[in-house]
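One structure is given here, and the rest of the page talks about it.
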Amino acid sequence: QVQLVESGGGLVQAGGSLRLSCVASGRSVSSGAMGWFRQALGREREFVAGISASGSSTRYVDSVKGRFIISRDNAKNTMYLQMNSLKPEDTAVYYCAARRSPGVMSLPSNYDDWGQGTQVTVSS
């Protein structure tokens, strides 16, 4: 079992930036893909971005392409999400997730471990 802890959320004005971090402990996550999901109030959890085990492959939901950047540092067992040009519709709880297989997947059911989430609120 791996423990995932997100940080970096907060309140920001539209157009601003935030950087989320996800630190893993308990076991190394370097052999598996990781991803960021978000869940807005009253909505289903949705895929935001994913990164392969090596970091060489990434995938984004269309609504964040060109604004968000996912990265990872396997030596630190940490994943990041740089969020730029934030919009009010980005407001949600953001979750970090890890899977044991190396390829990027976009369904929540593909992931084995989850963090508790961090709130991101973008004001207009």
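Starting from residues that are open to solvent by 20 Å² or more (accessible area, probe 1.4 Å), in contact with a Ser or Thr (Cβ under 7 Å, 6 or more places away or on another chain) and in a strand (DSSP E or B), keep the ones in segment 9-41 and report whichever is farthest from Val104 (Cα to Cα). For segment 9-41, the residue satisfying everything is Gln13. For Lys65, which of the numbered conditions (1) open to solvent by 50 Å² or more (accessible area, probe 1.4 Å); (2) more than 28 Å from Ser124 (Cα to Cα); (3) without any contact (Cβ under 8 Å) to a residue 40 or more places away in the chain fails to hold? Against the list (1) open to solvent by 50 Å² or more (accessible area, probe 1.4 Å); (2) more than 28 Å from Ser124 (Cα to Cα); (3) without any contact (Cβ under 8 Å) to a residue 40 or more places away in the chain, Lys65 comes up short only on (2). Residues in segment 44-59 that are open to solvent by less than 50 Å² (accessible area, probe 1.4 Å) and closer than 10 Å to Ser106 by Cβ: Phe47, Val48, Ala49, Gly50.
Selection within segment 112-124: residues that are among the polar types (S, T, N, Q) and surrounded by 14 or more Cβ atoms within 10 Å (Cβ to Cβ). The member of this set that is nearest to Ser31 (Cα to Cα) is Thr118.
Considering segment 60-77, the residues that are more than 17 Å from Tyr111 (Cβ to Cβ) and of a type in the set (S, T, N, Q) include one that is modelled with the lowest pLDDT, namely Asn74.
Please find, among Glu44, Glu6, the residue that is assigned to a loop (DSSP other than H, G, I, E, B) and of a type outside the set (Gly, Ala, Ser). Break it down into steps so the answer makes sense when it comes.
Numbers: Glu6 fails: assigned to a loop (DSSP other than H, G, I, E, B).
Step by step, each of Glu44, Glu6 is checked, and only Glu44 is assigned to a loop (DSSP other than H, G, I, E, B) and of a type outside the set (Gly, Ala, Ser).
Taking segment 84-124 as the range and being closer than 20 Å to Asp62 by Cα, among the aliphatic types (A, V, I, L, M) and in a strand (DSSP E or B) as the test, the residues that pass are Ala92, Val93, Ala97, Val120, Val122.
Summed over segment 81-111, residues that are of a type in the set (Asp, Glu) and either open to solvent by less than 50 Å² (accessible area, probe 1.4 Å) or out of contact with any Ser or Thr (no Cβ under 9 Å at 6 or more places or on another chain) (or both) total 1.
Could you please find all residues in segment 47-83 being outside any strand (DSSP E or B) and either closer than 23 Å to Val12 by Cβ or acidic (Asp, Glu) (or both)? Of everything in segment 47-83, those that are outside any strand (DSSP E or B) and either closer than 23 Å to Val12 by Cβ or acidic (Asp, Glu) (or both) turn out to be Val61, Asp62, Ser63, Val64, Lys65, Gly66, Arg67. When you check Gln1 against the structure, is it of a type outside the set (Lys, Arg) and exposed (fewer than 15 other Cβ atoms within 10 Å of the Cβ), yes or no? Taking the combined requirement at face value, the residue satisfies it.
The values are calculated or read from the model by the stated rules, or taken from the named source; none is laboratory data. No experiment lies behind these values; they were computed from the predicted model shown. Note: ideal-geometry Cβ built from the backbone for every residue, glycine included; neighbour counts use all protein chains shown. Ligands, DNA and RNA are excluded from the accessible area calculation, which covers all protein heavy atoms including side chains. Shrake-Rupley method; radii C 1.70, N 1.55, O 1.52, S 1.80 Å.
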